[in-house]
1. Antiparallel DSSP bridges in the chain: what percent, to the nearest 5?
2. Just checking my list (i) 31.2; (ii) 26.8; (iii) 25.1 against mean projected area of the Cα convex hull in nm² computed from this structure; which label fits?
3. Once both axes come from the Cα atoms, what is the angle between helix 235-244 and the longest principal axis of the chain, in degrees from 0 to 90, rounded to 10?
4. Pull out the extension gain between ASN134 and SER295, defined as 0.36 nm times the separation in residues minus the alpha carbon to alpha carbon distance; nm, one decimal.
5. Could you run the Karplus curve 6.51 cos²θ - 1.76 cosθ + 1.60 with θ = phi - 60° over segment 402-407 and give me ³J(HN,Hα) per residue in whole Hz, x for Gly and Pro?
6. Stretch LYS242-LYS107 to full length: gain in nm at 0.36 nm per residue minus the Cα-Cα span?
7. Which order do peptides 224-236, 179-191 fall in by mean Cβ count within 10 Å, highest first?
8. What whole-number distance in Å separates the alpha-carbon centres of segment 337-395 and segment 126-193?
Amino acid sequence: MSYEYLSNVHTGRTDWRVKVRSIREWRGQTARGEPYKGSNFLLLDAKNVRMQAFVPLFLLEKLQKMFTVGKMYTITNFKVKNYTELDKWRCVSNDKQIQFTNQTRGKEMDEKEYFIPQNCFEFCDLGDMKSLANQTTYLADVVGVVTRRDDLKLVHTKQGVDKYQLRMIITDGSHYLNVTLWGDLAECFHQEVSSSTFEEPLIIIIATGKVGIFQDEYDLCNFNPTAYYINYNHHSVAHLRKMSADPKFKKEHIRIIQTKKEPKLISIQEIKQLGEDYIEEEVICQVRIITVHVSNSWFYAECTTCYKQIDEVGGKFQCKNCNRIVPYPDKKFGICITATDTTGDIDILLMDRPIRKLFGKTVFQMEDEEKGQFPTALKTMEKDDYTIKLEIREFNIKDKEELYVANDLYRGLEMHTAVRLPTCSVQQPTEVSVPQSSGNSVHLDNISMP
């Protein structure tokens with residue numbers, strides 16, 4: 001009975017037979033944290049070829065019981081699909097993926113019967129992060145010596161929730177890379193390092209991380225399929241261990257990571273007098289909303305891949321960043337208000353997170369309720385008191401633009417614990433951009449929620 005290697009499978013037939021090891025499993029999530037209807041396995045064959053396999057929801061319970069990560073299997077009867085330009089953030093570099101069907105069968109293999117490596121990586125050079133940060137097609141595998149590791153901390157994310165974050169810096173002796181772990185992965189890493197004894201220095205493999213840019217430095221954060229391996233039994237780790245013993249191996253990062261000030265409560269008059277040392281810092285104000293400005297553009301369209309604002313051209317939404325048509329874009333709030341305290345008035349832009357958290361509804365829900373008109377619920381904010389966290393942007397200081405961006409808000413004048421949490425200051429899985437607001441000179445296309 002013959003079997004094919006993963007490099008040989010293709011579209012057009014379903015009677016394939018392969019021998020593989022399941023090396024990872026994950027379930028994707030939407031930008032709102034909702035799980036996708038299905039799961040994924042990363043498969044590896046004897047020739048070190050990796051391929052992603054998708055399990056539809058109706059087969060999920062059955063196949064999750066059938067497959068265990070780390071074990072080898074013969075898998076038969078499955079579909080093969082080619083990736084398209086719409087398939088972003090792939091965990092492998094090949095151009096095909098497997099899709100399991102109700103005809104797919106799997107049988108566990110004895111480790112003595114056949115040899116398939118325990119794992120496989122496609123490492124990217126730490127000096128080549130620029131090309132990865134400027135694309136949305138592939139995730140990256142990296143390995144490096146940990147030169148700095150911050151404590152696990154709770155930060156207030158742009159989704160309006162408090163989330164654990166763990167930051168570190170890795171090096172290969174020539175280049176450095178900032179690494180930021182979020183959520184469960186950050187907690188798991190912290191617990192493992194805290195409860196176990198590892199040889200120092202720690203050498204870590206981050207598999208399928210997302211590379212971005214923050215404050216002119218490259219940063220890798222976790223995505224749905226991301227996994228980490230500490231002091232893993234791999235030749236790359238052994239090589240770095242040997243290199244790191246050389247006195248010439250560079251372990252110190254010359255850049256000092258800046259931390260944000262704790263937001264403090266100040267008046268509107270004081271906000272308008274802040275200097276350049278407050279650019280990208282946050283402050284808190286307690287105000288009464290006097291006007292919610294009614295506009296036809298009370299929301300904007302967002303690309304579902306790169307999460308940037310997109311425009312409608314010729315009846316279709318086009319993302320210039322991804323170079324594709326987005327048939328069903330997401331929609332995000334973008335509301336301008338005027339507020340006041342005893343020292344003066346201020347114009348504030350309320351973005352998606354604060355409004356969604358306050359009303360517990362999305363743009364789609366309000367749009368359905370109001371038949372596309374400006375939501376009456378938003379006008380109910382008028383004449384009420386709010387505690388608002390603002391981020392001071394460069395245009396507020398250097399261009400004297402008096403429209404300020406709100407990162408968070410709460411009803412009333414009580415100082416909630418969460419409003420004092422610093423908003424995360426590193427790359428996150430999503431980026432939100434807002435449209436230009438009518439009546440203001442500032443161009444808001446590049447405003448993004450931190």
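Please treat every number below as a calculation from the coordinates, not as lab data. In this text the structure is predicted, and so the values were computed from the model without any measurement. A quick note on method: Cβ atoms are made from the backbone with ideal geometry, for glycine too, and the neighbour counts reach across all protein chains shown.
1. Just about 85 percent of them are antiparallel.
2. So the structure-derived entry is (iii).
3. Once rounded, one gets 60 degrees.
4. So the extension gain works out to 54.5 nm.
5. Those phi angles translate into 9, 9, 10, 8, 8, 8 Hz.
6. 44.6 nm
7. Result, highest mean Cβ count within 10 Å first: 179-191, 224-236.
8. Result: 33 Å between the Cα centres.
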